[in-house]
Amino acid sequence: MEAFFISNHFENCIFEFLVNNTLMKSKLAKKQIIHPENIFSPSIDKVGVEERVARFQSRSIKNESKLQGLKIALNMIDLTTLEGKDTPGKVKQMCYKALHLHDVHPNLPSVAAVCVYPSMVRIAKNEVRGTTVKVASVSTAFPSGQAPLDVKIRDTQFALDEGADEIDMVISRGKFLSGEYNFVFDEIAKIKETCGNARLKVILETGELTTLDNVRKASDIAIYAGADFIKTSTGKIQPAATMQVTYTMLMAIKDYYDKTGIMIGMKPAGGISTSKLALHNLVMVKEILGNAWLTNEWFRFGASSLANDILMQIMKMETGVYQSSDYFSID
Amino acid sequence: MATKKKNTEQGIDWNYSPSLESTSHLNLKKKYDLFIDGEWVKPSSGVYFKTINPANEEILAEVAHGNQEDVDKAVKAARKAYTDVWSIMPPAERAKYIFRIARLMQERARELAVTETLDAGKTIRESRDIDVPLACNYFFYYAGWADKLEYAFPNRKVESLGVAGQIIPWNFPLLMAAWKIAPALATGNTVVLKPAETTPLTALILAEIIEESGLPAGVVNIVTGHGDTGAAIVNHPDIDKIAFTGSTNVGKIIQKALAGTSKKLTLELGGKSANIIFDDAPIDQAVEGIVNGIFFNQGHVCCAGSRLYVQESVAELVIQKLKSRMDSLYLGNPLDKNTDIGAINSKEQLETIHKYIKIGKQEGAEMYQPKCSMPSKGFYCAPTLFINVAQSSVIAQEEIFGPVLTIQTFRTVDEVIQKANNSPFGLAAGVWTDKGSRIFNLSSKLRAGVIWANTYNKFDPTSPFGGYKESGFGREGGLHGLNSYVKLS
């Protein structure tokens, strides 16, 4: 197995290392490689993680900070439709919604992106062209990832050719669970290579990894192999983006940042459907990674029904009364 | 890292708005008398002292200063209640009263939590989520034992002791009252309790609850006051048992005073507990455990994990992560629901802590404190870390009772066991490792009353608590806690 990859990030950090340490400028350092099995992933104590998460959940977010938080969250949403029954019409409607969340309220941000299957990328791109909304495409035989590498590369290339700004790939969970970490690492690195300038989100499908130790290990592999973002789930498997899983992945991002100074993005996806949960996630991002991550460049929510709940809360805060869900469009 | 600067340049400045717990439902009196024989009586000296809110130095109430005469009155009432009512009451009936107290406490939980925060300076998060629910649970737990004592001590005859004199500290005012009163009542004893002078209010609300519960007069008497009030309790000839939680110095004085008398004694004193992190530990959860170990209740915890031992191979990582975690702690108004670190209990205690921080610097240890904006009024101390500390440093030997942590490194298991045991105290210890066998090895060799594995500062009514060596003797909590209040034959 060809497992000796130098990921882009790793090259960056070696580069930085060389710049900062002229004494250490040697060809040996440049050629240094990281073997996926040598990545240090600390063990995770589930009980401890649950306690920590409970602390985030007990934060009290009121008044201005709540309104501001809700608007930040709205701007971080990847509005998603990933169904076998998706049609161009459905995708177009969703794209319209992405740009017109609730026109009754003039000062609302748009969402960050729309997330669709590769076959719908061109349609979506045409709808959002010229706006800040990006098009993310799932790829690599989403959601199972059960296809050979050349098919996955072709899948990704197709989405890019159709105009995708971002690629959401899935890892091979079967390979991961059977301990073939090199395989998983290599696959991610290959897709990253295919992506070029498009940002790569790596979906770990944490519901299938079952333990937080596995989540941490998969996060580290993805990050070192070149992920720009790590993402919890496809949305097809339960449980999806639990706070415990997101916490574990945020800690992997923090450790990598502390080590290299390179920021990695995070996208919890699936199961975040209420404003309260979204705010808890923001609290967690803020307290672990800091305010720098509180933009849609570094944090996203993969969700379909979250936007309307946030809109409902914003309208409640500004008008003082709750409005029925019939006042919020459901595209 | 060069790119670290980016962190402050971009992103959105999102901060939490103040979220203060309301005090509008409080009904604090201006003046509190002594609770003796089921009635509120004025102190015979006529003297009252003020109790203040350490978070802003405002006066909360005036509280009676009980003297020897008042203590004598309370002991007489307790003796009468013991002989006439409480000791001869069927145990199942006793249990009903204790259950009722627990339920009434739950009903007034919010009031108790807010009062505790105002009087002691601890954060509302802790008083609401930890102190008050735990205190209720101790009453529930011991209520359950009241009619099952023959099963607690099989084949033994179980008798109550008589009148128990109980003196409690200011760090967990209500919880310590529960630890003391609940097992004493369950086993058929009557009580004279003295709360600490800086934090008497929740014990006085507890007295109101006891009054409301219809507990027979004199079974529980609460006499507020200073050290002299405590001394009067300790030296009273008609008391059968003294239970004291507080400093080691006072504990020694009490033990001397009781020498040669037939009074039973339990002491729960100071500590300098070791928290040990091995290199295979779940590092991030261990860092959280360190924070909970030392900064819980501003470090005013007798079992605080104030001596941290980290295995050398992970020391740098742990210290870096710990500093980063300390930076994210919010210090401020204890009534704010988002505050992590509240106020130091009193001016005197703040001065003690400052004295030790000064000593630490003089001893040449490297100090770290996160930048916190300190409130202009009130007593506050930033969470403090000392690195490069030696076993022989004063700050690693003496109990500081504040948010001050000392870090030492170790290389081998034997070394850390030796160092952890190398202390006049022996109250608690923490062990952080992924290896189960190592936990058993350490917990059998560490000389401490409580050993937590992969957690810290966890309390439960079913679990006994107490110390070795200068940390005291006798156990509170659990089945063992009954032992301290019964005569077995």
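The mean count of C-beta atoms from other chains within 10 Å of the C-beta of residues in A:282-289, rounded to a whole number, is 3.
In sequence order, region B:398-403 has phi-based couplings of 9, 6, 9, 6, x, x Hz under the Karplus curve 6.51 cos²θ - 1.76 cosθ + 1.60, θ = phi - 60°, and Gly or Pro positions carry x.
For the protein assembly as shown, the alpha-carbon radius of gyration amounts to 1.09 times the rule-of-thumb value 2.2 N^0.38 Å expected for a compact globular protein.
For chain A, what is the mean residue ellipticity at 222 nm derived from helices alone (per DSSP H run of n ≥ 4: -39500 (n - 2.57); sum divided by total residues; nearest 500 deg cm²/dmol)? Intermediate values should be presented prior to the final figure.
Numbers: 14 runs with 161 residues, N = 331.
Here the helix-only value at 222 nm equals -15000 deg cm²/dmol.
Do any of B:Lys180/B:Lys469; B:Lys157/B:Lys256; B:Lys358/B:Lys458; A:Lys259/B:Lys371; B:Lys31/B:Lys347 go past 27 Å between their Cα atoms, and which? Write out the running numbers ahead of the final one.
Values: B:Lys180/B:Lys469 21 Å; B:Lys157/B:Lys256 30 Å; B:Lys358/B:Lys458 31 Å; A:Lys259/B:Lys371 23 Å; B:Lys31/B:Lys347 22 Å.
Result: B:Lys157/B:Lys256; B:Lys358/B:Lys458 exceed 27 Å.
For B:Trp40, B:Trp145, which order do you get if you count the other beta carbons within 10 Å of each Cβ and list the fewest first? Please list the in-between numbers first.
Numbers: B:Trp40 17, B:Trp145 22.
Ranking B:Trp40, B:Trp145 by Cβ neighbours within 10 Å, fewest first, gives B:Trp40, B:Trp145.
Remark on B:Val431: its backbone amide H falls under 5 Å from those of B:Ile276, B:Trp452, B:Ala453, B:Asn454, B:Thr455, a criterion applied only to residues 5 or more positions apart or on other chains, H modelled at 1.01 Å from N.
In plain terms, the chain from A:Ala141 to A:Thr295 could stretch by 52.5 nm, reckoned as 0.36 nm per residue minus the Cα-Cα distance. Here's the list of aspartates and glutamates a cross-link from A:Lys90 could span, going by alpha-carbon distance under 14 Å and ignoring same-chain residues fewer than 8 apart: A:Glu127, A:Asp331.
Arranged by the count of other C-beta atoms within 10 angstrom, fewest first, what order do B:Thr433, A:Thr81, B:Thr412 take? Spell out each step's value before the answer.
Working: B:Thr433 23, A:Thr81 20, B:Thr412 10.
Listed from fewest to most nearby Cβ atoms, that is B:Thr412, A:Thr81, B:Thr433.
What shape does region A:62-142 have by the C-alpha gyration tensor, where a ≥ b ≥ c are the square roots of the eigenvalues, rounded means a/c under 1.5, and otherwise prolate means a/b greater than b/c and oblate the rest? Prolate, because a/c is 1.5 or more and a/b exceeds b/c. Rounded to 0.05, the FRET efficiency of the B:Thr462 and A:Glu37 pair, given R0 = 45 Å and the Cβ-Cβ distance, is 0.55. Note on B:277-286: average number of Cβ atoms from other chains within 10 Å of each residue's Cβ is 5. The phi torsions of region A:182-188, fed into the Karplus equation with coefficients 6.51, -1.76 and 1.60 and a -60° offset, translate into couplings of 4, 4, 4, 4, 4, 4, 4 Hz, rounded to whole numbers, with Gly and Pro shown as x. For region B:46-153, the dipole from Cβ point charges (+1 on Lys and Arg, -1 on Asp and Glu) about the Cα centre works out to 400 debye, to the nearest 20. A protection proxy built from the mean count of other Cβ atoms within 10 Å ranks the segments A:133-140, B:284-291, most packed first, as A:133-140, B:284-291. Between the listed residues B:Gln255, B:Thr455, B:Tyr16, the Cα displaced farthest toward the positive end of the dipole of chain B, a dipole computed from Cβ unit charges relative to the Cα centre, is found at B:Gln255.
Might you report the magnitude of the Cβ-based charge dipole of region B:274-461 about its Cα centre, with Lys and Arg at +1 and Asp and Glu at -1, to the nearest 20 debye?
On the way: 18 positive and 19 negative charges, 54 e Å.
The dipole magnitude comes to about 260 debye.
Within 10 Å of each Cβ in peptide B:201-210, how many partner chain Cβ atoms are there on average? Round it to a whole number, please.
Working: counts 0, 0, 0, 0, 0, 0, 0, 0, 0, 0.
For this peptide, the per-residue mean of nearby foreign Cβ atoms is 0.
Taking 17 Å as the straight-line reach from the Cα of B:Lys29, the lysines in range (excluding those fewer than 8 positions away in the same chain) are B:Lys42, B:Lys50. Close amide-amide hydrogen proximity is noted between B:Thr409 and B:Val310, each under 5 Å apart and 5 or more residues distant or on a separate chain (H modeled in the peptide plane; Pro and chain starts excluded). Give me the aspartates and glutamates in straight-line cross-link reach of A:Lys254: C-alpha distance below 12 Å, same-chain residues under 8 apart excluded. A:Lys254 reaches A:Asp220, A:Glu287, B:Asp284.
By the beta-carbon count within 10 Å of each Cβ, the least crowded to most crowded order of B:Asp131, A:Asp331, A:Asp168, fewest first, is A:Asp331, B:Asp131, A:Asp168. For an R0 of 60 angstrom, estimate the FRET efficiency from the Cβ-Cβ distance between B:Lys96 and A:Thr131 and round to the nearest 0.05. After rounding to 0.05, the efficiency reads 0.30.
Let a ≥ b ≥ c be the square roots of the eigenvalues of the Cα gyration tensor of region A:59-320; is it rounded (a/c under 1.5), or, if not, prolate (a/b larger than b/c) or oblate?
On the way: a/c = 1.87, a/b = 1.24, b/c = 1.51.
Note, shape of region A:59-320 comes out oblate.
Counting only Cβ charges, +1 for Lys and Arg and -1 for Asp and Glu, the dipole size of the protein assembly as shown around its Cα centre is about 560 debye.
Taking amide hydrogens as placed 1.01 Å from N in the peptide plane, the amide H of B:Val220 sits under 5 Å from those of B:Val191, each at least 5 positions away in sequence or on another chain.
A simple rule links phi to the HN-Hα coupling: the Karplus curve 6.51 cos²θ - 1.76 cosθ + 1.60 with θ = phi - 60°, which for region A:297-306 gives 6, 10, 8, 9, 10, x, 7, 10, 9, 4 Hz, with x for Gly and Pro.
Provide the percentage of antiparallel DSSP beta bridges, counting only those with both residues in chain B; round to the nearest 5.
Antiparallel: roughly 35 percent of the beta bridges in chain B.
None of the figures in this text is laboratory data; all of them are computed from the coordinates on show. Values in this document were obtained by computation on a predicted structure and should not be read as measured data. Here the Cβ is made from the backbone with ideal geometry for all residues, glycine too, and neighbour counts use every protein chain on show.
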